[in-house]
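Chemist: To start, I am sharing the structure in question, which I have written as structure tokens.
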Amino acid sequence: MPDTAIAWFRRDLRTHDNEALAAAAAADRVLPVYCVDPRTHGVQPYGGADSFRYEKLGTRRARFRRESLDALRDRLREAGSDLLVRRGRPEVVLPDLADAVDADVVTFHDLPGPDERTVRAAVTAALRERDVTPRRFWGRTLHHIADLSTPYTAISDTYTKFRKSVEADATVRETYPRPSLPPVPAGDDAGVDADAVRPGSISDVGVAGGSPGSPDADPGAGEDIETDEAAAEIDERAVHPFPGGEDAALARLTSYIWEGDHLREYRETRNGLVGPDYSSKFSPWLNEGSLSPRRVYEEVKRYERERVSNDSTYWLLFELRWRDFFQFQLAKHGAQFFALGGLRRRDDVDWRWDEQEFERWRTGQTGIPFVDANMRELNATGYLSNRGRQNAASFLVNDLKIDWRRGAAYFETELLDYDPGSNYGNWAYIAGVGNDSRQRAFDVLAQAHQYDPKAEYVTRWIPELDGLVPQKAHEPWTLSEAEQARHGVELGVDYPRPMIDPTTSGEDPV
């Protein structure tokens with residue numbers, strides 16, 4: 001049994017069902033650590049040196065992560081432990097801390113993305129150079145990567161085949177209980193100044209609209225990164241406030257499934273647009289790691305035993321397996337997942353780049369209300385319904401023919417629940433370069449009338465169209481001059497004219 005362990009938290013900011021933390025807890029002393037890697041925030045290049053640059057971590061996700069870390073620290077302190085936060089590259093920070101506390105082992109969860117796996121390899125090599133044992137675990141998915149019927153490198157690239165395979169052949173492991181934690185190693189015990197291992201404060205863990213992160217940032221004790229607090233305020237129209245952290249995640253799990261009994265009709269309501277309970281809203285906590293997908297699975301199964309088992313209970317697990325699928329696809333394909341030609345390596349699409357058109361899409365000024373309402377909600381809250389994501393993405397790539405990676409990167413900046421596998425996998429899917437060869441262009445106008453028949457969603461986010469009948473709110477370009485005057489909406493002034501002929505949306509997809 002090792003004397004001292006470091007538990008390195010990554011995107012697993014929870015104490016329940018955390019195998020890496022449970023393994024570290026077998027030591028006499030445990031130092032829980034989180035590294036603020038400067039490569040994960042600030043303005044960074046996309047892909048190669050000739051690619052565009054974009055903001056990696058938006059203000060709202062930075063707020064959510066900060067709250068998640070605050071909550072994790074509170075949980076650890078309740079257990080008699082603590083959380084050490086350091087800014088710097090993990091492959092530099094962790095070996096130095098291991099030396100400082102004379103650690104024997106560093107435990108952590110692996111992640112499927114190529115950047116994260118590169119970091120893991122660098123950390124592993126650096127630890128081994130100092131005779132510290134790295135121990136990695138898998139806790140990102142519902143199904144454990146070792147329990148797939150084939151190696152992840154050989155799984156099907158089609159979701160239906162993957163789903164049928166895991167439903168037939170793969171079990172879901174039981175969750176790990178919250179471990180009892182030994183004390184944090186003291187500085188005096190390690191023969192170093194106590195300040196060298198003291199917990200740093202957590203005021204912010206990201207930056208929005210700032211300068212590029214320095215690749216040589218010094219891992220100073222408790223160093224924080226500033227962010228714009230005003231921009232992170234909760235918009236009153238938001239479908240949910242999404243407080244960060246494990247307590248908030250478990251509270252949402254209980255309120256959605258048990259107190260509100262919303263799981264009973266999940267499949268019927270999941271394409272909603274307004275309100276907190278049309279869908280589970282678990283994704284921000286799942287993707288930050290404050291909520292385990294296996295914990296969700298256990299609650300769904302208990303609900304099926306105690307209340308009802310129906311299409312809706314199955315469908316929530318169906319969606320968790322979609323999430324699994326993209327995690328394993330990302331692990332399988334690596335950097336190709338983010339390439340212009342996608343997994344299908346298409347070179348027959350003439351992708352465009354028009355900065356003005358992209359800016360109109362980004363800011364919700366396309367003149368197509370259903371698209372604009374969704375983009376305004378994203379910008380104001382950091383969240384977007386699944387239906388909204390599909391339509392906003394389809395408009396950019398299938399109607400405007402703009403490079404799909406630009407839109408995916410913008411979602412990476414803004415989404416509260418950003419996950420590389422799900423985000424880029426879905427964008428590639430819509431763009432026709434991903435896992436499905438079928439065309440995925442959406443008729444945005446038809447979608448608007450189908451999913452927002454009373455125009456409640458559109459007028460919620462585009463108040464200049466409030467007061468119009470639903471038909472006109474969805475199609476303001478049909479307003480006569482007299483109608484514009486009567487309702488105080490002048491096209492091209494109060495609300496833009498459409499960028500394209502709206503009746504052609506969804507036609508001639510890439």
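Chemist: Would you list the strands (runs of 3 or more DSSP E) that sit entirely within segment 1-95 and hold 3 or more residues that are buried (at least 21 other Cβ atoms within 10 Å of the Cβ) and touching a residue at least 12 places away in the same chain (Cβ under 8 Å)?
Modeler: It comes to 4-9, 29-36, 84-87.
Chemist: Any residue in segment 311-323 that is surrounded by 15 or more Cβ atoms within 10 Å (Cβ to Cβ), of a type in the set (Val, Ile, Thr) and modelled with pLDDT of 95 or more?
Modeler: Yes: one or more hits.
Chemist: Is it the case that segment 178-192 has a residue that's at pLDDT 95 or above and within 20 Å of Leu286 (Cβ to Cβ)?
Modeler: Looking for residues that are at pLDDT 95 or above and within 20 Å of Leu286 (Cβ to Cβ), one finds at least one in segment 178-192, hence yes.
Chemist: Given His487, His474, which one is of a type outside the set (A, V, I, L, M) and either touching a helix residue (DSSP H, G or I) at 6+ places or on another chain (Cβ under 7 Å) or assigned by TED's automatic domain parsing to the domain that holds Tyr278 (or both)?
Modeler: Going through His487, His474 in turn, just one is of a type outside the set (A, V, I, L, M) and either touching a helix residue (DSSP H, G or I) at 6+ places or on another chain (Cβ under 7 Å) or assigned by TED's automatic domain parsing to the domain that holds Tyr278 (or both): His474.
Chemist: Now for a different question. Could you go through segment 249-265 and let me know if any residue there is within 16 Å of Asp417 (Cα to Cα) and of a type in the set (Val, Ile, Thr).
Modeler: no
Chemist: Also, I was wondering about something else. Run Thr175 past the list (1) of a type in the set (Val, Ile, Thr); (2) part of a loop (DSSP other than H, G, I, E, B); (3) under 22 Å from Tyr418 (Cβ atoms) and report the number of the one that doesn't hold.
Modeler: Failed condition: (3).
Chemist: Could we say that Val119 is within 17 Å of Asp12 (Cβ to Cβ), within 26 Å of the chain's Cα centre (by Cα) and not in a helix (DSSP H, G or I) here?
Modeler: no
Chemist: Report the residue count in segment 118-133 for those that are of a type in the set (D, E, K, R), without any contact (Cβ under 8 Å) to a residue 12 or more places away in the chain and surrounded by 12 or more Cβ atoms within 10 Å (Cβ to Cβ).
Modeler: Within segment 118-133, residues that are of a type in the set (D, E, K, R), without any contact (Cβ under 8 Å) to a residue 12 or more places away in the chain and surrounded by 12 or more Cβ atoms within 10 Å (Cβ to Cβ) number 1.
Chemist: While we're looking at this one, here's another question. Residue under question is Ile462, and the condition is that it be β-branched (Val, Ile, Thr) and closer than 23 Å to Arg237 by Cβ; does it hold?
Modeler: When the stated conditions are applied, Ile462 passes them.
Chemist: May I ask you to list the residues in segment 460-474 that are surrounded by 19 or more Cβ atoms within 10 Å (Cβ to Cβ) and in contact (Cβ under 8 Å) with a residue 24 or more places away in the chain?
Modeler: Trp461, Ile462, Leu465, Ala473, His474
Chemist: Applying the selection to segment 475-501, what residues are assigned to a loop (DSSP other than H, G, I, E, B) and surrounded by 12 or more Cβ atoms within 10 Å (Cβ to Cβ)?
Modeler: Selection gives Glu475, Leu479, Val489, Glu490, Asp494, Pro496, Pro498, Met499, Ile500.
Residue-by-condition table, conditions (1) modelled with pLDDT under 95; (2) of a type in the set (A, V, I, L, M, F, W, C); (3) more than 24 Å from Tyr495 (Cβ to Cβ); (4) surrounded by 21 or more Cβ atoms within 10 Å (Cβ to Cβ):
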site	(1), (2), (3), (4)
Gln329	no, no, yes, yes
Asp354	no, no, no, no
Asp372	no, no, no, yes
Glu412	no, no, yes, yes
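Chemist: A further question on this structure: State whether the residues of segment 354-364 include one that is in a loop (DSSP other than H, G, I, E, B), in contact with a helix residue (DSSP H, G or I) (Cβ under 8 Å, 6 or more places away or on another chain) and under 30 Å from Trp461 (Cα atoms).
Modeler: Yes - at least one qualifying residue is present in segment 354-364.
Chemist: Restricting the first residue to segment 147-175 and requiring it to be closer than 23 Å to Gly113 by Cα and without any contact (Cβ under 8 Å) to a residue 60 or more places away in the chain, which pairs with a second residue that is in a helix (DSSP H, G or I) and charged (D, E, K, R) meet a Cβ separation below 6 Å and a spacing of at least six or different chains?
Modeler: So the pair list comes out as Ser149/Asp169; Ala170/Asp147.
The values are calculated or read from the model by the stated rules, or taken from the named source; none is laboratory data. Predicted, not measured: the structure shown is a model, and the values here were computed from it. Note that we place each Cβ from the backbone using ideal geometry, even for glycine, and neighbour counts take in every protein chain shown.
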